[in-house]
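Note sheet for the following structure.
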Amino acid sequence: MFEEAWNRIVLLNDEDVVVPSVRVKWTGCHHRSSMAIILETKDGVVSYTDAAFTMRNITENVPIGIAEDIYECLDAYEYLKRISKYIIPAYDPENVNRYKQWVI
């Protein structure tokens, strides 16, 4: 990929707007390139992140078990709860049920 696709790779900065109504926010926590994808929708702000693996991480402020920095996790959870109507943790098997209105 890297040898043939460099012209299609775009590196993002913190708070970059990708397209209108879609931006990214650096979260840290899991690894140095962890980010939240933040969507502004008619239903409110929806955020998707690998800083939280399950909803429990967010609702109970429990940092993920494989975090580079637990304080970044807690900061990310606070930020996402403040700005988001919906937060989608990256690996929660309940996402399909919790957000079934968006599953095709």
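The values are calculated or read from the model by the stated rules, or taken from the named source; none is laboratory data. This structure is a prediction, so every number in the text was calculated from the model and none was measured. Note that we place each Cβ from the backbone using ideal geometry, even for glycine, and neighbour counts take in every protein chain shown.
Could you list, in sequence order, the residues of the range 7-31 that are within 19 Å of GLU78 (Cα to Cα) and either free of Cβ contacts under 8 Å to residues at least 24 places away in the same chain or among the small types (Gly, Ala, Ser) (or both)? Quick ask: steps written out before the conclusion?
Step one: list which residues in the range 7-31 are within 19 Å of GLU78 (Cα to Cα), which gives 14-15, 23-31.
Answer for the range 7-31, where residues must be within 19 Å of GLU78 (Cα to Cα) and either free of Cβ contacts under 8 Å to residues at least 24 places away in the same chain or among the small types (Gly, Ala, Ser) (or both): ASP14, GLU15, ARG23, VAL24, TRP26, GLY28.
Step by step: first the residues of the range 31-68, then only those that are among the small types (Gly, Ala, Ser), on the phi < 0 side of the Ramachandran plot and out of contact with any His (no Cβ under 7 Å at 6 or more places or on another chain), then the one that is surrounded by the most Cβ atoms within 10 Å (Cβ to Cβ). Which residue is that?
ALA52
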Checking the conditions here, which among VAL24, VAL45, VAL18 is of a type in the set (Val, Ile, Thr) and either part of a loop (DSSP other than H, G, I, E, B) or in contact with an Asp or Glu (Cβ under 8 Å, 6 or more places away or on another chain) (or both)? VAL24
At pLDDT 95 or above and part of a strand (DSSP E or B) - does that describe any residue in the range 57-74? no
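Name the residue, out of TYR79, TYR99, TYR86, that is touching a strand residue (DSSP E or B) at 6+ places or on another chain (Cβ under 9 Å), at pLDDT below 95 and surrounded by 13 or more Cβ atoms within 10 Å (Cβ to Cβ). Lay out the reasoning, then the answer.
Details: TYR79 fails: at pLDDT below 95; TYR86 fails: at pLDDT below 95.
Only one candidate qualifies: TYR99.
Could you tell me how many of the residues in the range 32-74 are charged (D, E, K, R), closer than 19 Å to ASP14 by Cβ and in contact (Cβ under 8 Å) with a residue 40 or more places away in the chain?
Step one: filter the range 32-74 for residues charged (D, E, K, R), giving 32, 40, 42-43, 50, 56, 60, 68-69, 72.
Next cut, closer than 19 Å to ASP14 by Cβ only: 32, 40, 50, 68-69, 72.
Retained after the next criterion (residues that are in contact (Cβ under 8 Å) with a residue 40 or more places away in the chain): 50, 68-69, 72.
So the answer is 4.
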